[in-house]
Amino acid sequence: MEKILAVYNSRFSNLHEIKISPLSRAYTFSDSVYEVIPFYNFELIAFDKHISRLRNSCNALNLVLDFKKTTKEILQLISESNLKNGYVYYQVSRGVDAIRSHIFNDNLSIETFGYVVEHVFKSQKLKVMLCEDLRWKRCDIKSTSLLGNVMSMNNAKKKACDEVIMHKENILTEGGASNLFFTDDKTVFTPSISTNILPGITRELLINEIKDAGIQVIEDEFNINDLKNAESIWLTSSTKGVAQVSDVFDLEVSLIEDHPLYLRCNKIFNEKFLGGC
Ligand code: PDD
């Protein structure tokens, strides 16, 4: 079995050696939050922003995490792995209950778990499916409770799609595991944070960089019709970078492949964060 360096409750070992109680609230209730933190050429990408979002997620659930320890563990995972490019998955759960109960004991010890894997950051073209956003009202929390995303993305897979674009009663939200961008010939549009989406770090980095380069970005509420008229659609995430959408299943679109605005923005992002790859 492949060796994957992991850490569980601050003990480092091979991922496959870790034993976890079935009464972990991460297991019974998804009472847990997580981060996916990328690194490229041994350098973490926007580490402070990931830690700050993890803090927000923990605060929302009243999880009291030792952030100093977590930071040290993430850095150690990367340095001991000797991997050049990859990401760390890090999860924080409320802990292990004596018996399954919705209402948790106040004296539970926080349970943490992380691992590091190699990842190839490469430009992708994604086929996506449009679907209703089935999720709850707190998508700003990076919770491990992802059934809406899992169901939609696996339905999309049956149609030979790689991702989804979700909408709530016609209002566009985000991808199943990514944020949504689209363009006309010169302006970049993206659903605003107030549309109940995850405040993606890649989204934020991209917006800042392309605005600095003089490109107009509009964050607002958009609908499916806006997407129909798009010249280019992209999805962003820590593992996908800025990936262009090649086709939308079940929606008539006329996308321009390798749109000049996509190429420009992708280049700006890659040069800043991914060594220009
Ligand atoms: N997912 N929206 C959702 C629902 C996501 O799950 C993700 C990332 C994003 C993009 O966020 P960021 O740019 O911070 O990675 C948006 C991670 C990669 C995952 O669950 O694997």
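The values are calculated or read from the model by the stated rules, or taken from the named source; none is laboratory data. On a predicted model such as this, the values are computed, not experimentally measured, just so you know. Neighbour counts run over all protein chains shown; Cβ positions are idealised from the backbone, glycine included.
Annotation note: Cβ proximity below 7 Å between a residue of the stretch 202-221 that is without any contact (Cβ under 8 Å) to a residue 24 or more places away in the chain and a residue that is of a type in the set (Lys, Arg) and more than 11 Å from the ligand (Cβ to nearest atom) (sequence gap 6+ or interchain) occurs for no pair. Among the numbered conditions (1) surrounded by 16 or more Cβ atoms within 10 Å (Cβ to Cβ); (2) more than 16 Å from the ligand (Cβ to nearest atom); (3) not aliphatic (A, V, I, L, M), the only one that residue 16 does not meet is (1). The stretch 206-251 holds strands (runs of 3 or more DSSP E) entirely within its bounds, and those carrying 2 or more residues that are more than 16 Å from the ligand (Cβ to nearest atom) map to 216-220, 241-249.
Of the residues in the stretch 137-153, not one is closer than 13 Å to residue 243 by Cβ and at pLDDT 95 or above.
Whether a residue is under 28 Å from residue 44 (Cα atoms) and touching a residue at least 60 places away in the same chain (Cβ under 8 Å) was assessed, and residue 177 passes this test.
When residue 272 is tested against the conditions (1) surrounded by fewer than 17 Cβ atoms within 10 Å (Cβ to Cβ); (2) closer than 20 Å to residue 225 by Cβ, the lone failure is (2). The single condition among (1) in a loop (DSSP other than H, G, I, E, B); (2) away from the ligand (no atom under 11 Å from the Cβ); (3) touching a residue at least 40 places away in the same chain (Cβ under 8 Å) that residue 197 does not satisfy is (2). Restricting the first member to the stretch 32-56 and to residues that are within 12 Å of the ligand (Cβ to nearest atom), and the second to residues that are small (Gly, Ala, Ser) and assigned to a helix (DSSP H, G or I), the beta-carbon pairs closer than 9 Å and six or more apart or on different chains are 33/57; 33/60; 34/57; 35/57. Identify all residues within the stretch 140-171 that are in a strand (DSSP E or B) and either more than 13 Å from the ligand (Cβ to nearest atom) or not assigned by TED's automatic domain parsing to the domain that holds residue 198 (or both); write none if there are none. If the condition is that a residue be in a strand (DSSP E or B) and either more than 13 Å from the ligand (Cβ to nearest atom) or not assigned by TED's automatic domain parsing to the domain that holds residue 198 (or both), then 167, 168, 171 are the ones that fit. For residue 266, the conditions (1) among the polar types (S, T, N, Q); (2) outside any loop (DSSP other than H, G, I, E, B); (3) loosely packed, with under 14 Cβ neighbours inside 10 Å are fulfilled apart from (3).
Set side by side, the residues 27, 8, 34, 89 differ, and just one is more than 30 Å from residue 270 (Cα to Cα), hydroxyl-bearing (Ser, Thr, Tyr) and touching a Phe, Trp or Tyr at 6+ places or on another chain (Cβ under 7 Å), which is 8.
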